[in-house]
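Engineer: I am attaching a structure below and will ask some questions about it afterwards.
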Amino acid sequence: MSLYKELPTPVAIIDMDILQRNIDGMAARLAASGILHRPHIKSHKSAAIARMQLAAGAIGITTAKLSEAEVFAAAGVESILIAYPLIGADKLERFAKLHMKCGLLTTVDSAAGAAGLSEVGVRTGKPVEVLIELDGGLHRGGRQAGGDAVRFALEINKLPGIRISGLMGYFGTIYQNSGEAAFIEATRAEAALMMETAALFREAGLPADVISTGSSPAALMCRELEGVTEVRAGNYVFFDASGVGMGLASEDDCALRVIATVVSTPLPGRATIDAGTKSLTSDKAHGRDGFGIIAGHPEVKLAALNEEHGFLQFDPLTSPFQIGDRIEIIPNHSCVIPNLNARVAGVRGGQWTEWITVDARGCMT
């Protein structure tokens, strides 16, 4: 096979037609439910793709890190939610500069975090807009839903320089499910917890205008997110082997692939490719074994990875591959792949057409 023979392997590619279809499909789905979209750009880290999302109707973007927000603000994005605690004088100084340049929101779940943001708001003369983060079940951060969140919000509401706008939650436990019925149930529970806490906020005289939640699975089930005002889907732009394994997507929905070359066939039933963890990530998939889907070869398993090698296993009585053959791999977790690359090849109709720059590659601070 000679997939994109002009590109050296291993190489990450994005099928731009699938990408556009995914972006437009999510935009239409959310619009039909009256829910705004603030997509999470950690999945692609590309200003070009963010512009596609904004053109489709997104109200802004979400970033995981301050450094990502700096990159996208410089690229012209005007509304950014930094969904991560901003702790430390260095972060607050950078945040203050960015705060004066564009529309920023951020999350808060601690008195120390609130005090730092309050100081920024007072010093700049521009209140910092914050969302109170709720713990969605992963216990990686956030206040506990209900009374704990209300008491915390009442305390920080007294601080100068802060303006509470509402609530944010990330319910990562949703990825433990598979099948539409289970995802619907999890999405309903997510919305119910958010809305119960929002009701307590309003009873206490606290603002709850923004109710921000929703991973890609929940966004796909957005008809169940009654009362939620915005979602932050990210992975939906690409999907991946995990999405296929959970029943959220088909292979035809997966826009991001990795092209690799067969470099050795050491034994019957074994072949080695030139893509390993540095090209594909060592992340396991939800709902399936192995380290990726080999497009067009459902009988072949990508069984293991070294840093620079991938190990294929198949029926030893068959010989599906020859040295030099190229294969197309749908990775287990697509969000990791762009950060491994300075640029990704955009393809259309089986032809390489453009380079997509990964503008926020390596942004970790």
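The values are calculated or read from the model by the stated rules, or taken from the named source; none is laboratory data. None of these values were measured; they are calculated from a predicted model. Cβ sites come from the backbone with ideal geometry, for glycine too, and all protein chains shown count toward neighbours. These area figures cover heavy atoms from the full protein model, side chains too; ligands, DNA and RNA do not enter into them. Shrake-Rupley method; radii C 1.70, N 1.55, O 1.52, S 1.80 Å.
Engineer: Return the only residue of L7, L30, L54, L36 being in contact with a helix residue (DSSP H, G or I) (Cβ under 6 Å, 6 or more places away or on another chain) and modelled with pLDDT of 95 or more.
Structural biologist: Values: L7 fails: in contact with a helix residue (DSSP H, G or I) (Cβ under 6 Å, 6 or more places away or on another chain); L54 fails: in contact with a helix residue (DSSP H, G or I) (Cβ under 6 Å, 6 or more places away or on another chain); L36 fails: in contact with a helix residue (DSSP H, G or I) (Cβ under 6 Å, 6 or more places away or on another chain).
After ruling out the rest, the residue left standing is L30.
Engineer: Also: Inside segment 111-158, can you point out the residues that are surrounded by fewer than 16 Cβ atoms within 10 Å (Cβ to Cβ) and within 27 Å of A192 (Cβ to Cβ)?
Structural biologist: Result: L138, H139, R140, Q144, G146, G147, D148, R151, L154, E155.
Engineer: Out of curiosity, is A360 closer than 30 Å to N177 by Cβ and under 25 Å from the mean Cα position of the chain (by Cα)?
Structural biologist: Answer is yes for this residue.
Engineer: Taking the stated definitions as given, is E251 touching a strand residue (DSSP E or B) at 6+ places or on another chain (Cβ under 8 Å) and within 18 Å of H286 (Cα to Cα)? It would help to see each step written out before you state the result.
Structural biologist: Details: touching a strand residue (DSSP E or B) at 6+ places or on another chain (Cβ under 8 Å): yes; within 18 Å of H286 (Cα to Cα): yes.
Considered against the rule, which asks whether it is touching a strand residue (DSSP E or B) at 6+ places or on another chain (Cβ under 8 Å) and within 18 Å of H286 (Cα to Cα), E251 comes out as yes.
Engineer: Could you identify the single residue in S215, S250 that is buried (at least 22 other Cβ atoms within 10 Å of the Cβ), among the polar types (S, T, N, Q) and either in contact with a helix residue (DSSP H, G or I) (Cβ under 8 Å, 6 or more places away or on another chain) or modelled with pLDDT under 95 (or both)?
Structural biologist: Numbers: S250 fails: buried (at least 22 other Cβ atoms within 10 Å of the Cβ).
Just one listed residue meets the conditions, S215.
Engineer: Additional query: What pairs come up if the first residue lies in segment 96-110 and is under 11 Å from L86 (Cα atoms), the second is open to solvent by 10 Å² or more (accessible area, probe 1.4 Å) and aliphatic (A, V, I, L, M), and their beta carbons are under 7 Å apart, counting only those six or more places apart or on different chains?
Structural biologist: T106/L86; T107/A83
Engineer: Checking the condition farther than 28 Å from G88 by Cα and charged (D, E, K, R), which residue from E203, E129, E155 passes? It would help to see each step written out before you state the result.
Structural biologist: Numbers: E129 fails: farther than 28 Å from G88 by Cα; E155 fails: farther than 28 Å from G88 by Cα.
Selected residue: E203, the only one of E203, E129, E155 that is farther than 28 Å from G88 by Cα and charged (D, E, K, R).
Engineer: If you don't mind, there's one more thing I want to ask. Determine which single condition S242 fails, assuming it passes every other condition in (1) modelled with pLDDT of 95 or more; (2) surrounded by fewer than 17 Cβ atoms within 10 Å (Cβ to Cβ); (3) among the small types (G, A, S); (4) more than 21 Å from A114 (Cα to Cα).
Structural biologist: Here S242 clears every test but (2).
Engineer: Could you tell me which residue of segment 177-202 is nearest to A219 (Cα to Cα), considering only residues that are open to solvent by 10 Å² or more (accessible area, probe 1.4 Å) and in contact (Cβ under 8 Å) with a residue 40 or more places away in the chain?
Structural biologist: Step one: filter segment 177-202 for residues open to solvent by 10 Å² or more (accessible area, probe 1.4 Å), giving 177-182, 184-186, 188-189, 192-193, 195-196, 199-200, 202.
Going one step further and asking which of them are in contact (Cβ under 8 Å) with a residue 40 or more places away in the chain, we end up with 177-180, 184, 193, 196, 200.
Values: N177: 15, S178: 15, G179: 15, E180: 13, I184: 10, L193: 16, E196: 19, L200: 24 Å.
Checked segment 177-202; the qualifying residue nearest to A219 (Cα to Cα) is I184.
Engineer: Follow-up. Scan segment 203-212 residue by residue and report those that are crowded, with 23+ Cβ neighbours inside 10 Å and either within 23 Å of L248 (Cα to Cα) or out of contact with any Lys or Arg (no Cβ under 8 Å at 6 or more places or on another chain) (or both).
Structural biologist: Just the residues of segment 203-212 that are crowded, with 23+ Cβ neighbours inside 10 Å, to begin with: 208, 211-212.
Once the filter is applied, which keeps residues that are crowded, with 23+ Cβ neighbours inside 10 Å and either within 23 Å of L248 (Cα to Cα) or out of contact with any Lys or Arg (no Cβ under 8 Å at 6 or more places or on another chain) (or both), segment 203-212 yields I211, S212.
Engineer: Could you give every pair whose Cβ atoms fall below 6 Å, whose first residue belongs to segment 282-298 and is within 16 Å of G247 (Cα to Cα), and whose second residue is open to solvent by 30 Å² or more (accessible area, probe 1.4 Å), counting only separations of at least 6 or pairs across chains?
Structural biologist: As it stands, the answer is H286/Y175; G287/S178, since those pairs meet every condition given.
Engineer: Restricting to segment 311-349, what's the tally of residues that are touching a residue at least 60 places away in the same chain (Cβ under 8 Å) and part of a loop (DSSP other than H, G, I, E, B)?
Structural biologist: Filtering segment 311-349 down to residues touching a residue at least 60 places away in the same chain (Cβ under 8 Å) leaves 322-335, 337-341, 344-349.
Going one step further and asking which of them are part of a loop (DSSP other than H, G, I, E, B), we end up with 322-325, 332-333, 337, 341, 349.
Of the residues in that region, 9 qualify.
Engineer: Among the residues of segment 110-120, is any modelled with pLDDT of 95 or more, assigned to a loop (DSSP other than H, G, I, E, B) and among the polar types (S, T, N, Q)?
Structural biologist: Step one: filter segment 110-120 for residues modelled with pLDDT of 95 or more, giving 110-120.
From what's left, assigned to a loop (DSSP other than H, G, I, E, B): 110.
Applying the additional criterion that residues be among the polar types (S, T, N, Q) yields 110.
Yes, segment 110-120 has at least one match.
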